[in-house]
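Okay, so here's the structure we're looking at.
The values are calculated or read from the model by the stated rules, or taken from the named source; none is laboratory data. Source: prediction; values computed, not measured. Don't worry about glycine lacking a Cβ; one is built from the backbone with ideal geometry, like all the others, and counts go over all protein chains shown. For accessibility, only protein heavy atoms count, side chains too; no ligands or nucleic acids. Shrake-Rupley method; radii C 1.70, N 1.55, O 1.52, S 1.80 Å.
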Amino acid sequence: MDNNIFVTSPLLPPLEEFIPYLEKIWQNRILTNGGTFHQQLEDALAEYLGVKYVCLFANGTLALLTALQALRITGEVITTPYSFVATSHTLLWNGLTPVFADIDPLTYNINPERVEELITPQTTAIMPVHCYGVPCDVDKIQQVADVYGLKVLYDAAHAFGVKKNGVSILNHGDLSVLSFHATKVFNTFEGGAIICHDARTKQRIDYLKNFGFAGETRVVAPGINAKMNEVEAAFGLLQLKHIDQALAERQALYQHYLKLLDGVAGLSLLDVPDDVSWNHAYCPVLIEPEFGISRNALYDAMKSEGILTRRYFYPLISSFSMYRGFATSQKEHLPCANEIAEKVLCLPIYPGLEREDQQRIVDVIRRMARSVANNVAMISAGGL
Ligand SMILES: *Cc1c(COP(=O)(O)O)cnc(C)c1O
C-alpha cells in the first residue's frame, strides 16, 4: 500500500547534490581509513554541535561498544530499561552486567535516585539515555557519579543537536554516543560518533576503532574495525547543509500535532522544559485510561488505516528473554518504565510529512476517542 504513513522517513537531500562528492571519491580513490571527508565531517560536526571532539563510527552500536572499552568499564553498569535494545546489548558484548533502574515519570529518562539505590562495590558506570532527545537530569547524575567514583556514558542516539541553556547536551558525562542511522534525525545511511572532551581520549578512541593501530607497525589495544567510510562521511557533510531546515520542519510538525490534538481527553504529551532546545526526534503520546480504548487497540486501529505508529519502547529491554534474569528486571522494580511502556505510542514525524497526513492521523485518533464516548453515553443511557 503506497498510501501508508510510516513512523519516520529518512532525511535525503536531492540526489544531484550528492554526485559531486562521489566524483571526488572516485578521483581520490580513498574509500576509508580516515580520508578527507572523514576529517572534514569530524571538524564540521564538532563545530555544528558545539563539542570539542567527534570520533566517527560505522554505526552507533559499535560506537557504544568502543566507548565502554575506552573507559575500561568493568562489573556492573546501571542503565535504563526504557530504550532501544542496543543500549544493553553493548553491555553484554563487553561482558558487563546491566542493572536496570526505573525511569522518571515525566521525562521517561533514568531516575538518578533509583540509580543511587542500586550502586554496589561492583558498579563502575552509569549508562543513561536521552530518550526521544529529551535531556536526562545530567546534574544529578553527575553528582551521584562523583560521589561514588563512577563513569557516565550517555547513549545520546536520539539527541543530535539538543541543547540545554544554549549548551550542547553532549558535553555532559565522560562520553556521549550518537547514532546516524537512517531513522535518526541526522543520518549517514548508517553511522555514529563518540563525543569526547580531550585530545588524548580522542586518540585512544581512534586507535580502538581501527584494530588498535597506533602507527604502521604498532598495535596498542585489541581494537575493532568500526570506521566510517568516505561515502558515508561525504553524505554527512551534505546532510549538515540541510539539517537546520529539517529541525525547523520537525518543530513545526510537532506544534501542529499539539494544535490538532488539543482537547482530546486521555492523551499525555511530553513536557519538555523551556530551557531545552529540543530536536523533536519523536512524537510520543501516552494513551491514558480516560482515552477509552487501550494503546494496543488504538495501535491496531491506526494500522488498519495504513498509519504505522510504533510503540517505542515496548517491550522494555528488561522484558526480553536474555535480560529477564537480571536482579532488577522484574516489574516490581520498574513500575514507571512498565507503565509508560504499556501506554506509549509514537506518532509519525519527519521532514516531508504533510499537513494532510497529520490531519488524517489525528482524525483516526479523534474518531476512536469519539466512538468510545458514544458507547459510554449509550451504556449510561441504558442503550446497549
Ligand atoms: C538507534 C539507537 C542505537 C543504535 O544505533 P545504530 O546506529 O543503529 O547502531 C542505540 N541506542 C539507541 C537509544 C538508539 O535509538
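S380 fulfils the conditions (1) open to solvent by 30 Å² or more (accessible area, probe 1.4 Å); (2) modelled with pLDDT of 95 or more except for a single criterion, (2). Among the residues of the range 151-168, those that are more than 9 Å from the ligand (Cβ to nearest atom) and under 14 Å from V54 (Cα atoms) comprise F160, G161, S168. Taking first residues from the range 213-226 that are in the same structural domain as T66 (by TED's automatic domain parsing) and partners that are among the β-branched types (V, I, T) and part of a loop (DSSP other than H, G, I, E, B), the Cβ contacts under 6 Å between residues at least 6 apart in sequence or on separate chains come to A214/V220.
May I ask you to list the residues in the range 36-57 that are out of contact with any helix residue (DSSP H, G or I) (no Cβ under 8 Å at 6 or more places or on another chain) and either within 23 Å of G223 (Cα to Cα) or polar (S, T, N, Q) (or both)?
Q39, E42
State all residues of the range 177-195 that are open to solvent by 10 Å² or more (accessible area, probe 1.4 Å) and either part of a loop (DSSP other than H, G, I, E, B) or more than 9 Å from the ligand (Cβ to nearest atom) (or both); if no residue qualifies, say none. Correct list: H181, A182, T183, K184, V185, F189, E190. Mind listing whichever residues of the range 208-223 are among the aromatic types (F, W, Y) and under 28 Å from the mean Cα position of the chain (by Cα)? Of everything in the range 208-223, just one residue is among the aromatic types (F, W, Y) and under 28 Å from the mean Cα position of the chain (by Cα), namely F211. Residues of the range 120-149 that are free of Cβ contacts under 8 Å to residues at least 40 places away in the same chain and open to solvent by 10 Å² or more (accessible area, probe 1.4 Å): P121, D137, D139, K140, Q142, Q143, V144, D146, V147, Y148, G149. Looking only at residues that are under 20 Å from L150 (Cβ atoms), of a type in the set (G, A, S) and more than 16 Å from the chain's Cα centre (by Cα) in the range 49-88, which one is farthest from the ligand (Cβ to nearest atom)? Here the residue is G75.
Checking the conditions here, which among Y53, Y48 is open to solvent by 50 Å² or more (accessible area, probe 1.4 Å) and in contact with a strand residue (DSSP E or B) (Cβ under 7 Å, 6 or more places away or on another chain)? None of the other options fit; the residue is Y53. Just one of the listed residues (A226, A246, A233, A252) is buried (at least 17 other Cβ atoms within 10 Å of the Cβ) and farther than 26 Å from L65 by Cβ, namely A246. Here the range 91-119 is the region considered, the condition is being of a type in the set (A, V, I, L, M), part of a helix (DSSP H, G or I) and within 15 Å of the ligand (Cβ to nearest atom), and the residue that is least open to solvent (accessible area, probe 1.4 Å) is L91. Within the range 269-285, the set of residues being outside any loop (DSSP other than H, G, I, E, B) and crowded, with 17+ Cβ neighbours inside 10 Å comprises S277, C283, P284, V285. Of the numbered conditions (1) more than 15 Å from the ligand (Cβ to nearest atom); (2) open to solvent by less than 50 Å² (accessible area, probe 1.4 Å), R218 fails exactly one; give the number of that condition. So the condition that R218 fails would be (2).
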